[in-house]
Each structure stands twice: as structure tokens, then as C-alpha cells.
Amino acid sequence: MKSPLLSLPGAVAAEGRDEGVAAHYGDLFREQRALADGNGLVDLSHRGVVAVSGDDRLSWLHLLLTQHVSDLAPGQATEALVLTANGHIEHAMYLVDDGTTVWMHVEPDTQGDLIAYLESMKFFYRVEVADRTEDTAVVHLPAGSIAEVPDGVAVRETAQGRDLFLPRADLEAYAAANGPAVGILAYEALRVEAHRPRVGFETDHRTIPHELGWIGTAVHLQKGCYRGQETVARVHNLGKPPRRLVFLHLDGSEVHLPGHGTPVRLAADGEEGRQLGFITTSARHHELGPIALALVKRNVAVDAELIAGDTAAAQETVVEP
């Protein structure tokens, strides 16, 4: 789904998973600084939107998700995961209840699979699940923004800012009144700085929540049964995850950033050494320079000097070994 904001001056289209919105509007670092200062808005209209309504919506979702949502108050933002039976991450959803409907946004083009799973679990519960991607666009306002929210629009407010579930037909006019528009690359750079994982980037087919620091924020350890809970409880109580998320400061003299999947090794072993992990997301930050998130083996020393491909990388701990 192509955003109308791609017609704005300077817009350069994003590629890959974020295709359909702008990567930037001509000045990546200016856009990052605007977000950091609480100005502008980010077009996330390529993300999937799912709405769940009905009297049983919260109690029903509580049975399926990793988060405690049975008593979720209207307007309270939260995030949750859907796991496989083996505890591997399938979906991450960012949700809020407006008093009658739970609104959630998910990774682009994943809403169909999520809805299929939810529909298969409806049974006798009084719930309705709807794909609202066609008529609803997600817009992000950074923390500190004074932009007004139109009446009747569901809002997720977190420490990072507000996510608006805006009527898609209003997107262009809202951006014109509350801009400047900021591209997805600036948004992603601040996500990497904040160590926030993203499904499809920080995850692969075997990622469990403990590896990414999602225990507590998206996974509630004192709630009832859900698919994959046995793995979550076993690793939390009896063991350690096999991998851990780290934050990397990359050598700023390199022209190219190491892309997703670039092998991470010990610097002492060089480019032919044993692979210990891989880059998940890399970005250019307006203050920190080149940065990245990576998933590495748990036993990699926290003070070890690393290389990502041929780029030197100094690590900071995100998930404790």
C-alpha cells in the first residue's frame, strides 16, 4: 500500500519490509533531530492494523497473548507477542483498547496470518476480528509533540510517543497540518538507539522472547496459560537463553553499514573466525554515528571486541548473559 506522503518534496521511497512509505525526505539527520526534539510525525501507514471488538475481547485475547490484558484499561498502551508451541516469536503487536475495541498494529503484510490464527481460536467467544489496514493508517508522534489528536481516533501513548490509528483518508491533510514528515530511517535509528527489537529484524525462526529483552515489556510472567508458555517459564526459571541482544557502536570510518545478517565475530579472530552472531539492524545516528543491534551467542564476553563483517564494533549489553 503506497502512502500519499511519498508525493511530498524530497521523498525517497523505502525498500524491503518498509516499502510503501518514505525512507527519508532529503535530510536524514535533520529528521532524526526533529523526532528527538518532539517535532514532526512518522508515516507508518504501511503497517498492518487489526481491530478486535466484542464483549469478550479482552478476556479472549488474554488467553492467546503473552501479555496480561484481561483488565486492560481504556487508553492504556501495551505490547504483546504470539508464540509458536515451542515458544518462538511469530508476531509482535502494539495495542490499545478504546473502551469498545482493541486496536493493534503489526509488521507490514503480517496481519493476514495473525487474523487467520485469531479466527481459528474464536470458538464460542463474543468477539469480532477485522483487518482495518485498508481504511486505517498508523501515524507516530514523538514524545513531547504538541500535535492535536482528532476526536474519535484511538491513541497508544508510550514513553517513545503516541501512535495514532488515523482514518487513511485523513492522512495527507493531517501530515500537512502537523508535519514535518519524518522518514522511516530516522524512526529506525532512534529505535536502535533505544534497544527496541522488531519482529523480522531482531528475530528469526528460533528467537525466544528472553533473547531480546521482551520479558516484562511484552511477556507477563504471572498470567495464565498461552501457547508457548512452557518454554517461557522453563527458560526463565531453569536456564538461560542461547543468544542475547547487544548494541554495537560501529567504526565510523566505514562508508557502508553492515546489513541485516552480516556475521559477527571476535575481532581477534578476524574475518575468517568463528561466527558468533549476526547484525539484525544497523543505522546512522545523528549523534552516535553508525550503530547496530546484533544477536550473539550468550557466552560471548560482554567486553569482547567484535567485528561485523570487516567493520570494528564495540558492544554494550542489552540482555545480560
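Selection over the stretch 210-269 of residues that are in a loop (DSSP other than H, G, I, E, B), open to solvent by less than 30 Å² (accessible area, probe 1.4 Å) and free of Cβ contacts under 8 Å to residues at least 60 places away in the same chain gives a count of 2. Pairs are defined by a Cβ separation below 7 Å, a sequence spacing of at least 6 or placement on different chains, a first member in the stretch 147-173 that is within 19 Å of Gly48 (Cβ to Cβ) and in contact (Cβ under 8 Å) with a residue 60 or more places away in the chain, and a second member that is of a type in the set (Phe, Trp, Tyr) and open to solvent by less than 50 Å² (accessible area, probe 1.4 Å); the pairs so defined are Arg156/Tyr94; Asp163/Tyr94; Phe165/Trp103.
Each row is one residue, and each column tells you yes or no for (1) modelled with pLDDT of 95 or more; (2) under 22 Å from the mean Cα position of the chain (by Cα); (3) over 30 Å from Thr101 (Cα atoms).
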site: Leu8; (1), (2), (3): yes, no, yes
site: Asp18; (1), (2), (3): yes, yes, no
site: Ala22; (1), (2), (3): yes, yes, no
site: Ala36; (1), (2), (3): yes, yes, yes
site: Val42; (1), (2), (3): yes, yes, no
site: Ser45; (1), (2), (3): yes, yes, no
site: Ser53; (1), (2), (3): yes, no, no
site: Gly75; (1), (2), (3): yes, yes, no
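Scanning the stretch 140-159 for residues that are in contact with a Leu (Cβ under 8 Å, 6 or more places away or on another chain) and part of a loop (DSSP other than H, G, I, E, B), we see that the one that is nearest to Gly38 (Cα to Cα) is Ser145.
Just to be sure, is Arg274 without any contact (Cβ under 8 Å) to a residue 60 or more places away in the chain, outside any loop (DSSP other than H, G, I, E, B) and open to solvent by 20 Å² or more (accessible area, probe 1.4 Å)? Talk me through it step by step, then tell me what you get.
Numbers: without any contact (Cβ under 8 Å) to a residue 60 or more places away in the chain: yes; outside any loop (DSSP other than H, G, I, E, B): no; open to solvent by 20 Å² or more (accessible area, probe 1.4 Å): yes.
So Arg274 fails the test.
Of the residues Leu61, Leu95, which single one is part of a helix (DSSP H, G or I), open to solvent by less than 50 Å² (accessible area, probe 1.4 Å) and within 19 Å of Asp131 (Cβ to Cβ)? I'd like the intermediate steps shown before the answer.
Numbers: Leu95 fails: part of a helix (DSSP H, G or I).
Sole residue among the options that is part of a helix (DSSP H, G or I), open to solvent by less than 50 Å² (accessible area, probe 1.4 Å) and within 19 Å of Asp131 (Cβ to Cβ): Leu61.
Among the residues of the stretch 1-55, those identified as of a type in the set (S, T, N, Q) and touching a residue at least 12 places away in the same chain (Cβ under 8 Å) are Ser3, Gln32, Asn39, Ser45, Ser53. Within the stretch 6-22, the set of residues being touching a Gly at 6+ places or on another chain (Cβ under 9 Å) and buried (at least 20 other Cβ atoms within 10 Å of the Cβ) comprises Ala14, Val21, Ala22.
In the stretch 91-120, which residues are free of Cβ contacts under 8 Å to residues at least 40 places away in the same chain and among the acidic types (Asp, Glu)? Answer for the stretch 91-120, where residues must be free of Cβ contacts under 8 Å to residues at least 40 places away in the same chain and among the acidic types (Asp, Glu): Asp113, Glu119.
The values are calculated or read from the model by the stated rules, or taken from the named source; none is laboratory data. Model, not experiment: these values are computed from the prediction. Cβ coordinates were reconstructed from backbone atoms using ideal geometry, including for glycine residues, and neighbour counts include every protein chain displayed. Only protein heavy atoms, including side chains, enter the accessible area calculation; ligands, DNA and RNA are left aside. Shrake-Rupley method; radii C 1.70, N 1.55, O 1.52, S 1.80 Å.
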